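Notes to accompany the following structure.
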Ligand code: U5P
C-alpha cells in the first residue's frame, strides 16, 4: 500500500517535544516502510498557534501569520526527520511532486505546510490525492471523530465508521462552532471526499502502534464510501 500519515503538531509537540513518542513513532514508521510506501505530513499545533498569537501584536496580516505557522510545521518536521535517521529524506519536502520522487528513492518524504491559507490537514489530503494513496492516517489529539465535541459534551459519541459525505458535514459543523470534535478541518474533509481517500482518524494512544493501525486495528474512526 501507499500510505500518507498526517501527524498533528500538538501530538508531536504538546508543550515541549514528546521525545519518547517521536522515537516510538519513528520506529513504527520504519517498520511500516519495509512493506509499504510511506509519506508523512507534520503539523504546527500549539507552538504554531503561540507564535501566530504573538505576531498578532505586530501585524494584522493573516497570510504573514500563516507563513510563521508554516515555519513551525517545518521545525517539527525536522524533529521527525532526525528521529527517522537514514530512512528519511533529509530536507523537509515542500512540493507534492518531490514527495513522489523521494518515494521512488525508497526514502520517506516528510512535509510540513506548503502555502498560506490552509492547515497541514489539507496538505495531507492533497498529498494523498496526488500520490493516489491507498490510505490516509490522521493522528490527532482526540481519539476519533465524535458526533459533538467530547471535551465539552460528556455524552458525545465516538463514530466507528462514517462516509466521506458525513465527514464533510461534521467538519463543517465543527468549524462553524470553532470547537474540535476530533475531526480534520473542513477543507481537508472536502479533499478527502473529492479524492475518495480511505482515511483512519486516530488518537495519540493508537499512534504508539501505527503498525497495527495500518492493518485496521485501532480505536479511531474509519472514513470510507
Ligand atoms: N499553515 C499554512 N499552510 C499550510 C500549513 C500550515 O498556512 O500549508 C499555517 C496555518 O496558519 C496553520 C499553522 O494554522 O500554519 C499551523 O499548522 P496546523 O498545525 O494548523 O496544520
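Laboratory data are not the source of any read-out in this text; all were calculated from the coordinates shown. Remember, predicted model here, so these are calculated numbers, not experimental data. Every residue, glycine among them, receives a Cβ derived from its backbone with ideal geometry; neighbour counts consider all protein chains shown.
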Length-normalised contact order for the chain - Cα pairs under 8 Å, 6+ apart - percent:
23
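Can you sort 20, 185 from fewest to most other Cβ atoms within 10 Å of each residue's own Cβ? Before the final figure, lay out the partial values.
Numbers: 20 9, 185 19.
Sorted ascending by nearby Cβ count, the order is 20, 185.
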Where does the chain land at 222 nm, in deg cm²/dmol rounded to the nearest 500, when only DSSP H runs of n ≥ 4 count, each adding -39500 (n - 2.57), divided by all residues?
-14000 deg cm²/dmol
Could you list, bin by bin from short to long, the percent of Cα-Cα pairs of the chain in 10 Å steps?
9, 36, 39, 15, 1
At 7 Å along Cα-to-Cβ for each site, give me the label-to-label distance between residue 58 and residue 1 in nm.
4.4
Highest-MSF residue in the chain out of 143, 206, 35 [GNM, Cα springs under 10 Å]:
35
Region 1-75: radius of gyration over Cα atoms, expressed as a fraction of 2.2 N^0.38 Å:
1.32
Region 1-132: Rg to Rh, with Rh as the Kirkwood radius over Cα pairs:
0.98
Debye equation applied to the C-alpha atoms of region 62-178, log10 I(q)/I(0) at 0.11, 0.15, 0.21 Å⁻¹
-0.47, -0.84, -1.23
